[in-house]
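The values are calculated or read from the model by the stated rules, or taken from the named source; none is laboratory data. Model, not experiment: these values are computed from the prediction. Note that each Cβ is placed from the backbone with ideal geometry, even for glycine, and that neighbours are counted across all protein chains shown.
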Amino acid sequence: MNAGRPREFDTEQALHAAMRQFWRQGYTATSLQDLLSAMQISKSSFYQTFDCKHTLFQRCIEHYRSTLENDMLTHLQQSPSARQFVEATFHAVGDSQQKADEQFGCLIMNTASEFAQSDPVIAALVQKGTQKMRAVFLLAVKRAQTEGDISGDKDPDALASYLISSMGGLRNMAKAGADQKTLREITKITLSTLN
């Protein structure tokens, strides 16, 4: 890479555009030309900055995970109660099902389905992403227990795992085209486990 040459594009914007492209189409179906068009950069700039498609995809997963984790933590901290945070997080999937991003599902879960364990590097990133999201739900469950909104008799680790699994399933249902009524019914049953 020519260190003396000024960068001709915003790396963060290009990374975000690439993330959305992968999110829409998946890794395999996304071509280099798709990425160049979405990121609005030249092929030489792509290789100088991101090295290759696989490396870019890794950075996109990290970007998605970090953004999602930070958003969830912020919402949890600002929520009047942890129980309300969990409920709002689930209701948001059904209520915003018609937004384009929600119809993509979850990039981390999508990637888990596409790659399974066939790529150790990607599998490790997916596992890390799932663990980070689960950790936020664990914080929420433990806080809700101290606030008296979830019984202290319930295993917080098991509940956190159940919530992250259920969230993945709910997003996949939304991605598959389930209507709001169906998503709300699923959410109601899921949240009843917190009672």
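The set of residues from the stretch 31-64 being closer than 21 Å to ALA124 by Cα, at pLDDT 95 or above and not in a helix (DSSP H, G or I) comprises just one member, CYS52. For GLN98, the criteria (1) of a type in the set (S, T, N, Q); (2) under 30 Å from GLU185 (Cα atoms); (3) at pLDDT 95 or above hold in every case but one, which is (3). The set of residues from the stretch 145-183 being crowded, with 16+ Cβ neighbours inside 10 Å, part of a helix (DSSP H, G or I) and either polar (S, T, N, Q) or touching a residue at least 60 places away in the same chain (Cβ under 8 Å) (or both) comprises GLN145, LEU163, SER166, MET167, GLY168, LEU170, ARG171, ALA174, LYS175, LEU183. Tell me yes or no: at least one residue of the stretch 121-128 is closer than 20 Å to ALA174 by Cβ and either among the charged types (D, E, K, R) or crowded, with 18+ Cβ neighbours inside 10 Å (or both). Taking every residue of the stretch 121-128 in turn, at least one turns out to be closer than 20 Å to ALA174 by Cβ and either among the charged types (D, E, K, R) or crowded, with 18+ Cβ neighbours inside 10 Å (or both).
Does at least one position in the stretch 82-98 carry a residue that is surrounded by 15 or more Cβ atoms within 10 Å (Cβ to Cβ), in a loop (DSSP other than H, G, I, E, B) and in contact (Cβ under 8 Å) with a residue 40 or more places away in the chain? Yes - at least one qualifying residue is present in the stretch 82-98.
So, in the stretch 101-140, of the ones that are under 14 Å from the mean Cα position of the chain (by Cα) and among the small types (Gly, Ala, Ser), which residue ends up modelled with the lowest pLDDT? Filtering the stretch 101-140 for residues that are under 14 Å from the mean Cα position of the chain (by Cα) and among the small types (Gly, Ala, Ser), the one modelled with the lowest pLDDT comes out as GLY105. Here ALA178 meets each of (1) within 18 Å of GLU69 (Cα to Cα); (2) in contact with a helix residue (DSSP H, G or I) (Cβ under 9 Å, 6 or more places away or on another chain) with one exception, condition (1). Within the stretch 141-187, being among the charged types (D, E, K, R), within 17 Å of ALA88 (Cβ to Cβ) and modelled with pLDDT of 95 or more holds for ARG143, GLU147, ASP149.
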